[in-house]
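J.: The structure's right below; bear with me while I get my questions together.
The values are calculated or read from the model by the stated rules, or taken from the named source; none is laboratory data. In this text, all values refer to a predicted model and were calculated from it rather than measured experimentally. Virtual Cβ from ideal backbone geometry, glycine too; neighbours counted across all protein chains shown.
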Amino acid sequence: MCPLLSPITRRALVSKVRICNQLKHEKDELIVWWYGGIVKNYRAESVPKVVVFFRKLDKNGNLGTFERRNIALTFLGLLRIGSIWKDGECKSEAVMPSEQKQIDVDFTRGAWKLVSPLQAAKSGAESPINQDDYPLPFSYDKNWLIDFPFANGKNLLIPCTEIFVRYYGCSEEVPRVLATYGWEEVNKRFYMPFDQPVTPNTWSIKLKSRMYNGDVVFLAHMKYDPYTALAAKSINAQIETSFLNKEPYTFIQAGPWFEGKAQVLVSGRLINKGKTFLALRILGGSEPQEAPIQRDRENPNKNDAPAGAELGNPTGGWPSRIIKKPPEIVDLTDDQEPDHGAASVEVEEPDFVVLGEPRVVIDVRRNKATNRPGKPRDGGDLKEFSSGEPHGGGKGVGFASIHAPAIMVSEGMLRDMWKALRYVKQKQPDLIKSIEWFTFETGFSSSEEPKLIGLQPFNEEESVETDVRNWLYLNVTEETPRGILISRIIAADKTIYIAEIQRRPRTKKDSAGNVVDTEESFKGLAFVLDEQSQFELWLGKLLSDVRHVRGIVQKLVAHCPGKAAAFKHSTAKGDGVPCETAVLNALKKVGVEAD
């Protein structure tokens, strides 16, 4: 049974890039099917390539013959398996038979192994991928896959190339550097000496200008965790040795870069009679929970004031200029390298979903900027963009900075707020001393999973309008009352309480017209009390009154025996978790400000 049914089912996409050289003049539709080995790029040595296997599609969408192209390693995040290309552009993708699975895995050494069809054939074992399930270009394929066995006799397979380009950092600069330079040079291109005061009990790291903020967790582990350094160094050595020996292809063995329990979000298909899930795409994953990371940059942007004129011309690493108005379609080349001093353009891959608890990252903040960024330029004289190192000039080639935006999926406002409180406490321990949740049955508790206080239904004899009576139920038909999350925060020698209302689920259409899950919207309520002995009495009144105002908590602030304020659940670009800004906003409303 073919995994992408012929004719395939597809969904439309908006094309953002055009792959030149190998694909721009391809008139047939080609669907990305499989990745092969890494190959040396003799035209642009700083941009290693990978063999990409496509299958032709006829006008009816039926699968045809295999085609192969050597394409930049840095483009694989755009050339996802299942994406469909014509004239160098991707305007649709195949719908996978098994769209998405979030799977618990164990990254601990010994809990997984590396397998390949060729290795299985040599040892007389059954191939990990049955050709009838997912036909590969070669029966004895040399690519390595990570095999995660499960207790129920099933297993998960993830291609090593996929985990390398999607899990080793968020930008394609990380795998490019690891695949291009010797180990000493690799470190020089990732890090600069950390020259700011070090926060105690943190991993301090200063990123070079080409690195994205999202690369910091992997790069911090590569610097401080010997296991990660060994994983990265192994890939680097495999490729370097292969190139030195003039081997035509390098089939990397790339395992997980940290140990312990983890989660991955993948899409692909079931094979081997339903016993194996073949992950053809990594869509997200969890992060290791170690010491908080103190992050600085060669081109820092966390400054309270801009640099003065005494600094002179723009500094801070190449390239300092970005294109003021990027082209609608970015033409990417892997046969040339960027011109010296050319402007850059950002190219975004599909999002990478951060699962579970995100790593705590503390940004270095300066009173005054230490450099001045270059002015944006038109970019009209640039014809193509390359992800390599600058070489020569006059070619009309700019720099393409390719990365996957890291996103965090909301788990609902109550859980988001609770997780954000815990995150801010870990990130700013001098600000928040403790966090607890409260119910009348258990009192205050600091356990990880909070409990809610259920609202009391109205008595039948109470004269209450129907919409008010129905509001207090999360599910009116089943008469399930809403819950309220009550959190107590000790911060800046103040005792602060935050009340959050449980929301009913909703759906809406996003900007692309897709129906997405959402929930009702309410403001939160932050308050401090003149006397702590008033807490349970005031809370009882709050839980009663909030029913009558149908959750519009701003109508209740005047009744608080102390200071109360309603707050919005604001977001900011730099939020480490959903609702981080909302938590800081709530604290600010009652007189507690973060540094």
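J.: Could you tell me how many of the residues in segment 42-54 are modelled with pLDDT of 95 or more and either farther than 16 Å from residue 181 by Cβ or assigned to a strand (DSSP E or B) (or both)?
T.: Qualifying residue count, segment 42-54: 6.
J.: Looking at segment 470-492 only, could you name the residues that are more than 14 Å from residue 546 (Cβ to Cβ) and among the basic types (Lys, Arg)?
T.: Scanning segment 470-492 gives a single hit, 488.
J.: Could you please let me know if residue 535 is of a type in the set (Phe, Trp, Tyr), farther than 20 Å from residue 451 by Cβ and modelled with pLDDT of 95 or more?
T.: no
J.: If you don't mind, there's one more thing I want to ask. For segment 120-137, which positions are touching a residue at least 12 places away in the same chain (Cβ under 8 Å) and surrounded by 12 or more Cβ atoms within 10 Å (Cβ to Cβ)?
T.: 121, 127, 128, 129, 130, 133, 134, 135, 136, 137
J.: Something else about it: From the list 36, 64, pick out the single residue that is small (Gly, Ala, Ser), outside the structural domain of residue 165 (by TED's automatic domain parsing) and in contact (Cβ under 8 Å) with a residue 12 or more places away in the chain.
T.: Of 36, 64, the one residue that is small (Gly, Ala, Ser), outside the structural domain of residue 165 (by TED's automatic domain parsing) and in contact (Cβ under 8 Å) with a residue 12 or more places away in the chain is 36.
J.: Now for a separate question. Within segment 39-54, can you find the residues that are over 25 Å from residue 95 (Cβ atoms) and touching a residue at least 24 places away in the same chain (Cβ under 8 Å)?
T.: Correct list: 39, 40, 41, 43, 44, 45, 46, 47, 48, 49, 51.
Condition check ((1) at pLDDT 90 or above; (2) in contact with a Leu (Cβ under 7 Å, 6 or more places away or on another chain); (3) closer than 24 Å to residue 296 by Cβ; (4) not aliphatic (A, V, I, L, M)) across all residues:
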{"position": "355", "(1), (2), (3), (4)": "yes, yes, no, no"}
{"position": "361", "(1), (2), (3), (4)": "yes, no, yes, no"}
{"position": "365", "(1), (2), (3), (4)": "no, no, yes, yes"}
{"position": "370", "(1), (2), (3), (4)": "no, no, yes, yes"}
{"position": "382", "(1), (2), (3), (4)": "no, no, no, no"}
{"position": "386", "(1), (2), (3), (4)": "yes, no, no, yes"}
{"position": "396", "(1), (2), (3), (4)": "yes, yes, no, yes"}
{"position": "403", "(1), (2), (3), (4)": "yes, no, yes, yes"}
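J.: Residues in segment 224-245: is at least one in contact with a strand residue (DSSP E or B) (Cβ under 6 Å, 6 or more places away or on another chain) and surrounded by fewer than 17 Cβ atoms within 10 Å (Cβ to Cβ)?
T.: Yes, that holds for at least one residue.
J.: What strands (runs of 3 or more DSSP E) completely inside segment 1-41 contain at least 1 residues that are modelled with pLDDT under 85 and of a type in the set (Ser, Thr, Tyr)?
T.: none
J.: Looking only at segment 77-93, decide whether some residue is among the hydroxyl-bearing types (Ser, Thr, Tyr) and out of contact with any Asp or Glu (no Cβ under 6 Å at 6 or more places or on another chain).
T.: yes
J.: Residue 501 fails exactly one of the following numbered conditions: (1) among the aliphatic types (A, V, I, L, M); (2) more than 19 Å from residue 446 (Cβ to Cβ); (3) more than 30 Å from the chain's Cα centre (by Cα). What is the number of that condition?
T.: Of (1) among the aliphatic types (A, V, I, L, M); (2) more than 19 Å from residue 446 (Cβ to Cβ); (3) more than 30 Å from the chain's Cα centre (by Cα), only one is false for residue 501: (3).
J.: In addition: Might you check whether a residue that is within 30 Å of residue 537 (Cβ to Cβ), of a type outside the set (Lys, Arg) and touching a Pro at 6+ places or on another chain (Cβ under 8 Å) occurs anywhere in segment 382-404?
T.: No: zero hits.
J.: Across segment 408-445, what is the number of residues that are assigned to a loop (DSSP other than H, G, I, E, B) and of a type in the set (Ser, Thr, Tyr)?
T.: Residues in segment 408-445 being assigned to a loop (DSSP other than H, G, I, E, B) and of a type in the set (Ser, Thr, Tyr): 2 in total.
J.: Can I ask one more? Given the criterion at pLDDT below 95 and at negative phi, identify the matching residue among 73, 78, 63.
T.: 63
J.: What is the number of the single condition among (1) crowded, with 18+ Cβ neighbours inside 10 Å; (2) out of contact with any Lys or Arg (no Cβ under 8 Å at 6 or more places or on another chain) that residue 479 does not meet?
T.: (1)
J.: Quick test of your reading of the structure: residue 269 fulfils all but one of (1) at pLDDT 95 or above; (2) farther than 24 Å from residue 47 by Cα; (3) of a type in the set (D, E, K, R). Name the failing condition by number.
T.: (1) is the only condition that residue 269 fails.
J.: Considering only residues of segment 277-308 that are under 27 Å from residue 193 (Cβ atoms) and among the hydrophobic types (A, V, I, L, M, F, W, C), which is modelled with the highest pLDDT?
T.: The qualifying residue modelled with the highest pLDDT is 293.
J.: Taking the condition of being of a type in the set (D, E, K, R) and not in a helix (DSSP H, G or I), how many residues in segment 214-268 meet it?
T.: Residues that pass the stated criteria total 5.
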